[in-house]
Amino acid sequence: MASKERPVCQIFSFQDCKASPDPVFELPAGCLTPTPAPIVIDNGSFQTRAGWATPGAESDSPRLLFRAVAARSRGAARSETQIGNEIPNLEPLRWLLKSQFDRNVVVNFEIQELMFDHVFTHLGIASEGGVEHPLVLTEAPCNPLHCRQMMSELLFECYRVPHVSYGVDGLYSLYHNNAQRNIQPPPHTGIVLSSGFHCSQILPVINGRLDAVNCKRVNVAGSQSASYLQRLLHLKYPGHLAAVTLSRMEELLHEHSYTAVDYHEELEKWRSPAFYEREVHRMQLPFSGKVPGGSVSVEERQERRAQQLRRLQEINARRREEKLLQDQERLDRLMAVQELMDDGLLDQFHKSLVELNMDSAEELQSYINKLQLAVEQGRQKLLHSDGAEGKIEVSELDQPMDEGDAVTLMDSDFPEDVLPEKPANVVQPMFSVAEYHQLFVGTERLRCPEIMFQPSLTGEDQMGLMETLQFVLARYTPEQQEALVSNVFLTGGNMQYPGMKERVERELLAMRPFQSHFKVTMASQPALGAWYGARDWALEHPPGGGAAEGWISRQDYEEKGGEYLSEHCASNVFIPLKIVKPVPARPVEPSSSNALTSTGAPAAVPTVTSAPSPSSSTVAADVSMVTS
């Protein structure tokens, strides 16, 4: 029976996976004929995924998956930049890491260009003369027009791509899962809860199109959870600050954390010692178990004993010399005082006795006799030690040296403070190096994912994910709310915690009216669903010669501007800028009010007046901002 019981504790080790550089693939023949195949890039803030949109085996999975970071030292050449998996270990270079994102919006297009170069090179595309393949790219919900303009300018002007299509990652994932479940009819209504690395979004979809007006963003996601976990473990284990890295915290979140269905009830369970011992995860940090001096040869041990013996003898000799000098100086001073009495200088003699804190000449003579004896004995010991130096036999070195040998070698003239010895029957606790290098991860397993629902745990003054969802639902009619909650879709890499679906269902049950119906669905592949959805969309909507839905051609870019967006079922809503230009004023013609005719009669000459031209500060531009 005892063999079938669950072990008392669970000990895990950090994987500390090292990334290997991405291979350079050859361009498949099926991606060129009969038409160039589209390239699908899921431009995520945590990981970039790229591959082909072809019916064959080339599009079964993304060819490239790498961290969306670049490392380049200041002043280094462009070719020396390390991208993604080319960085084997992120921790030593974390202070050099740069990303193209601010939250989930691309703002650093120099780094984005390096990412595109890395993708095209490793997919087997020579981008010097341009990229002949259409491109499907993900962007942030409600992406600012300026960011899309810069991205289109980079793709069309630098890489000369023929067509570009932009879409939202969460909507692509919904598109892919709806195709897998064969949901009919095609116009879908639902609400997408997407949580990634930098932020989480709530995306309502009405009749197959994104309702951008009611989209909301929560600035709490995977990176905040990792930072919070690192802060908790730093406070808990101040002796292992260097070992508690962000990479290991991300591994703890992905492999060992979970979402509590009822947070407070789950915390009460952790108060039980039995529950704690059963559920706590002991993370073993790497350490060196080598005992110092364990593999030392006999000759080396003898040499170390000889060195220690010589060092102790030198210390004893130095102390004897110092003590002899001090005694000699004090004896000379007392002899000088005694000479004052012999010379008859009694006043100076009594004054010197008071300074020496002595009462009579007999006491002075007693001190002189003691010091003379001590000086004589010190000189004899010093001479004896000098004569016996270097006469250490090898047989003495062969004897094992205990910890107490160092005390016995010290001279008896210099007493040391001896610590009280403990009784032999007292059991000393054994120090385990392995246990010292263990992290006990208990309530941290559920406290860190909880910040998605309670950002106040980290000091953030904002609503949680479900509270924001309730705010969004309140902006719709009851009929629209019923349609939205009947298809609540969870996607994103930060939604993969065990118990996430059950937690959302419990929150919706408390939020919705009595006996109302709702349905929560988790994406089949929360992290890769966006790439698969973009691939499915590109296969079903190939770019045509004309104005294909969802594709932006080079002609559209030149005619309509870089911020132009061709809408489709998984894209943002395009709201163009409307700028009212002022009407130019007519110039004022010079005229004379007292102009005379040839007959001398005054002529009525009309005065040409111009309306005051509006200044540049009064010209109001009707700009419809697209919030991010």
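Read-outs: derived from the displayed coordinates by stated rules, not from any lab. All figures in this text were calculated on a predicted structure; none of them were measured in a lab. No Cβ is skipped: glycine too gets one built from the backbone with ideal geometry, and neighbour counts run over all protein chains shown.
Global dimensions of the stretch 468-545 from alpha-carbon coordinates: Rg and Dmax equal 15.8, 53 Å. Here the residues C147, C9, ranked from fewest to most Cβ neighbours within 10 Å of their Cβ, fall in the order C9, C147. Please report the net charge: other residues with Cβ closer than 11 Å to the Cβ of H146, K and R +1, D and E -1. Its environment carries a net charge of -1. For the stretch 520-527, 3J(HN,Hα) computed residue by residue from phi via the Karplus equation (6.51, -1.76, 1.60; θ = phi - 60°) reads 10, 10, 9, 4, 5, 9, x, 7 Hz, glycine and proline entered as x. This model, with +1 at the C-beta of Lys and Arg and -1 at the C-beta of Asp and Glu, gives the stretch 147-243 a dipole about its Cα centre of some 280 debye. Descending by average beta-carbon neighbour count within 10 Å, the peptides 561-567, 309-315 line up as 561-567, 309-315, the highest first.
Converting phi to 3J(HN,Hα) with the Karplus coefficients 6.51, -1.76 and 1.60 and the offset θ = phi - 60°, the stretch 154-169 yields 5, 6, 7, 8, 8, 9, 6, 6, x, 9, 9, 10, 10, x, 8, 4 Hz in sequence order, with x at every glycine or proline.
Other residues with beta-carbon under 14 Å from the beta-carbon of M522 carry, at +1 per Lys or Arg and -1 per Asp or Glu, a net charge of +2. Filter K18/K98; K18/K236; K323/K381; K98/K216 down to the pairs with a C-alpha to C-alpha distance above 22 Å, please. Beyond 22 Å: K18/K236; K98/K216. All C-alpha pair distances within the stretch 264-350, sorted into 5 Å bins from zero, spread as 2, 10, 7, 6, 6, 6, 6, 6, 5, 6, 6, 7, 6, 5, 4, 3, 3, 3, 1, 0 percent across the bins. Backbone geometry of the stretch 238-248 corresponds, through the Karplus equation with coefficients 6.51, -1.76 and 1.60 at θ = phi - 60°, to 3J(HN,Hα) couplings of x, x, 10, 4, 6, 7, 8, 9, 5, 4, 6 Hz, x marking Gly and Pro. Scanning residues 5 or more positions from F453 or on other chains, those with amide H under 5 Å from its amide H are L465, with H placed 1.01 Å from N in the peptide plane.
Sorting D42, D60, D211 from the fewest to the most surrounding beta carbons within 10 angstrom yields D60, D211, D42. If you plug the beta carbon distance of L345 and Q302 into 1/(1 + (r/R0)^6) with R0 = 56 Å, you get a FRET efficiency near 0.35.
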